[in-house]
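**Q** Okay, here's the structure, questions in a sec.
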Amino acid sequence: MEYSFTQLEKEFDRLGIELTDEKLVELNMLSSDGEITYEGKLLSDQCTHEIKFIDYTDDGKVEVVTGSLITQYIILKEKMIQISTEMKYSIKALLEVLKNMILHRDYSYNGDSIIRIYKDRIEFTSLGGLIGNLTVEGIELGISVQRNSNLMKVFQEVGITKGNGEGIQEMLSAYKEYKVKPIFKSIGGVFQVILPRPEYTINGKVISDKYRRVLDFMESRGTVTNKDIQEHLELKSTSVVNYLKEMLELELIEKIRDGRNISYKIK
């Protein structure tokens, strides 16, 4: 079979580098005698592995993303940008999970990787569980082991990934401001990352953006006054009065009276 590297050539051309046979050997995509390698096949236009994209917010619409692994990343990156804009996900978290799915799956299996979009979460599922004795708790602590080091090298060279083993930490960091966090599962040779939709919640109630700063401030202080909120968050008096009234009606906060003094805390 003849193999071609259309997208990879474009990426290196952008960097002012010609993708010669010598370069392909350097990248471990060709052997020294000119035979295409395992990684070369994955990065070629003839790659047989695919990613299935299923959108359950659009009647379960299915799209199968094909081409080289870099082509698949570029196509899905555009979808992640759209999702980030429309559903308010962190683009950093989305792209880190996407790179993790492509670079760390086990390509000795023939099944598809799958991305499922739901109203309240996105699931990224790929073949190949955690390597050796590595655990979910371990990766959450920042432990990283590369499965496909030669693929990582190419993605790093064209600027798609840093290759520093901090992908999981980047995902967790992107969720620090929210009350939910990514979920990692490794079961029976399958690895899955679930990104909950990062809506702000307190006591199970979804909170609109305009209340976030006020509630975070209350959470950090315990109890606060109207004046505290105005000064600390630099909000106008009328805005604070309206916010407090609405949050009281939603039973998100409660009013505390101490003589003539009034303060508020999260309920």
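**Q** Expected output is a single nm value to one decimal: the length gained when fully extending between Arg212 and Thr6, i.e. 0.36 nm times separation in residues minus the C-alpha distance. What is it? If you can, show how the numbers build up before the last one.
**A** Working: separation 206, 0.36 × 206 = 74.16 nm, distance 4.63 nm.
Extra length from Arg212 to Thr6 when fully extended: 69.5 nm.
**Q** Using only Cα atoms, tell me the angle between helix 69-87 and the longest principal axis of the chain; keep it within 0 to 90° and round to the nearest 10.
**A** 10 degrees
**Q** With everything on Cα atoms, drop me the angle between helix 237-249 and the longest principal axis of the chain, reported from 0 to 90° to the nearest 10.
**A** 80 degrees
**Q** Now for a separate question. So what is the relative contact order for the chain, in percent, with contacts set as C-alpha pairs under 8 Å and at least six apart? Can you show the working numbers first?
**A** Working: 384 pairs, mean separation 35.1, N = 267.
Once divided by the residue count of the chain, the mean separation gives 13 percent.
**Q** While we're here: Using the Karplus curve 6.51 cos²θ - 1.76 cosθ + 1.60 with θ = phi - 60°, what ³J(HN,Hα) values do you get for each residue of the range 176-188, in whole Hz, with x for Gly and Pro?
**A** Once θ is set to phi - 60°, the couplings for the range 176-188 become 4, 7, 9, 8, 10, 8, x, 10, 10, 9, 9, 9, x Hz.
**Q** May I ask for the net charge around Val193, where only other residues with Cβ less than 10 Å from the Cβ of Val193 are counted and Lys, Arg are +1 while Asp, Glu are -1?
**A** Charge balance in the 10 Å sphere: -1.
**Q** Quick check: residue separation of Asp120 and Asn242 times 0.36 nm, minus the Cα distance between them. What number comes out in nm?
**A** Extra length from Asp120 to Asn242 when fully extended: 41.0 nm.
**Q** Additional query: Going by Cα centres, the range 66-119 and the range 215-267 are how many Å apart?
**A** Taking the Cα centre of the range 215-267 as reference, the centre of the range 66-119 is 41 Å away.
**Q** Let me ask you something else. Based on the alpha-carbon gyration tensor of the range 57-194 and its eigenvalue square roots a ≥ b ≥ c, which shape applies: rounded if a/c is under 1.5, prolate if not and a/b is larger than b/c, or oblate?
**A** Working: a/c = 1.31, a/b = 1.12, b/c = 1.17.
Here the range 57-194 falls in the rounded category.
**Q** Additional query: Tally the DSSP beta bridges in the chain and give the antiparallel ones as a percent, rounded to 5. Write down the numbers at each step before the final one.
**A** Working: 32 of 37 bridges.
Rounded to the nearest five, the antiparallel share is 85 percent.
**Q** For Lys210, list the lysines whose Cα falls under 19 Å from its own Cα; do not include residues on the same chain fewer than 8 positions away.
**A** Cα-Cα hits under 19 Å: Lys88, Lys176, Lys179, Lys227, Lys236, Lys245, Lys265, Lys267.
**Q** Which label marks the calculated value of percent of Cα pairs over 26 Å apart, given the options [x] 34; [y] 40; [z] 53?
**A** Only one listed value fits the structure, namely [z].
**Q** Between Val214, Ile91, Thr125, whose Cα lies farthest towards the positive end of the dipole of the chain when Lys and Arg beta carbons carry +1 and Asp and Glu beta carbons carry -1, centred on the Cα centre?
**A** Result: Val214.
**Q** Just Lys245, Lys99, Lys52 to compare: in a GNM of the chain, with alpha carbon springs under 10 Å, which one fluctuates most?
**A** Its mean-square fluctuation being the largest, the pick is Lys245.
**Q** So what J values fall out for the range 111-117 if you push phi through Karplus, 6.51 cos²θ - 1.76 cosθ + 1.60 with θ = phi - 60°, rounded to Hz, Gly and Pro as x?
**A** Per residue, the Karplus-derived 3J(HN,Hα) values read x, 7, 6, 9, 10, 10, 9 Hz.
**Q** Can you give me the Kirkwood hydrodynamic radius for the range 49-120, using every pair of distinct Cα atoms, in Å to one decimal?
**A** Values: mean 1/r = 0.0790 Å⁻¹.
Hydrodynamic radius (Kirkwood, Cα only) of the range 49-120 equals 12.7 Å.
**Q** Output wanted: per-residue J couplings in Hz (rounded whole) for the range 218-234, from phi through Karplus 6.51 cos²θ - 1.76 cosθ + 1.60, θ = phi - 60°, x for Gly and Pro.
**A** Ordered by residue, 3J(HN,Hα) equals 4, 4, 6, 9, x, 10, 9, 9, 4, 5, 4, 5, 4, 6, 6, 9, 6 Hz.
**Q** Can I ask one more? Starting from 0.36 nm per residue, how many nanometres of slack lie between Arg221 and Asp59 once their C-alpha separation is accounted for?
**A** On the way: separation 162, 0.36 × 162 = 58.32 nm, distance 4.45 nm.
In short, 53.9 nm is gained.
Read-outs: derived from the displayed coordinates by stated rules, not from any lab. As the structure is a computational prediction, the values presented were derived from the model and not from experiment. Note: ideal-geometry Cβ built from the backbone for every residue, glycine included; neighbour counts use all protein chains shown.
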